[in-house]
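Asks: Could you have a look at this structure, given as structure tokens, before my questions?
The values are calculated or read from the model by the stated rules, or taken from the named source; none is laboratory data. Note that this is a predicted model, so its numbers are computed, not measured. In this analysis, Cβ positions are derived from the backbone assuming ideal geometry, glycine residues included, and neighbour counts consider all displayed protein chains. All accessible areas refer to the heavy atoms of the entire protein, side chains included, with ligands and DNA or RNA removed. Shrake-Rupley method; radii C 1.70, N 1.55, O 1.52, S 1.80 Å.
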Amino acid sequence: MMAFSQRTERGFGTVYLERHQLQVNLLLPGLQYEFGLLPNLSVGADVGLSLATPRAGYSLAPAYRAFSRYYHNLNHRASSGKNVSGNSGNFFAISFHNYFTRWELAGNLDNAGRDLIFLGGLYGIQRSYSGGFSFGLEAGAGYYFRNNISSGIGPAVNFRVSWNPFARNRKNQGGDPF
């Protein structure tokens, strides 16, 4: 039985991350692009609907996000025979969100035409499966702020079930994808 690994040798050493990855969010409409920059570091962005939870309330609104992820357990997962394709691993992330609350679909924030900004740190997991399907879960905290109104620290949770239309059909490296 052949096992697939995205390991390739490049100038910086062993690289486990996908070089390019586009995902379509199936829960909340949106697109995410992730670019493997260094052996365990990726950068990316996404656009679509997102939920903000500052201490003043909540807002389900269109948003864009820029992030950087450091995957810390790819070597361990690969050596244990677990799947690392599609950037399946655990990561630390820095995330910047811009929520367009003036166009919110649901929420209780005083919008007054001001966008809500989030900057914070998250910890997450991402798992990919055959057929290009994957899920991701991130949780953490950061600073929410808006012009001339209350700002402060608040929680952040992102959950995504997505599909990569360009993924090659792959098999996991081992039985357990976790």
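Asks: When you scan segment 116-139, how many residues do you find that are farther than 20 Å from L31 by Cβ and over 16 Å from the mean Cα position of the chain (by Cα)?
Replies: Looking only at that region, the number is 3.
Asks: Do we find that Y123 is at pLDDT below 90 and part of a strand (DSSP E or B) in this structure?
Replies: Considered against the rule, which asks whether it is at pLDDT below 90 and part of a strand (DSSP E or B), Y123 comes out as no.
Asks: Go through segment 36-83 and give me each residue that's open to solvent by less than 20 Å² (accessible area, probe 1.4 Å), closer than 21 Å to V157 by Cα and among the hydrophobic types (A, V, I, L, M, F, W, C).
Replies: A52, A61, A63, F67
Asks: State which residue pairs qualify: first residue farther than 12 Å from R55 by Cα and inside segment 146-166, second residue at pLDDT 90 or above and of a type in the set (F, W, Y) in any location, beta carbons under 9 Å apart, and separation of 6 or more residues or different chains.
Replies: Close Cβ pairs satisfying both conditions: F159/F135; R160/F135; V161/F133; V161/F135; S162/F133; S162/F135; W163/F133; N164/F133.
Asks: Here's something else I'd like to know. I'd like to check something: does segment 17-26 contain any residue that is surrounded by 15 or more Cβ atoms within 10 Å (Cβ to Cβ), in a loop (DSSP other than H, G, I, E, B) and modelled with pLDDT under 85?
Replies: yes
Asks: Also: Restricting to segment 84-121, name every residue that is open to solvent by less than 30 Å² (accessible area, probe 1.4 Å) and of a type in the set (F, W, Y).
Replies: Once the filter is applied, which keeps residues that are open to solvent by less than 30 Å² (accessible area, probe 1.4 Å) and of a type in the set (F, W, Y), segment 84-121 yields F91, Y99, F118.
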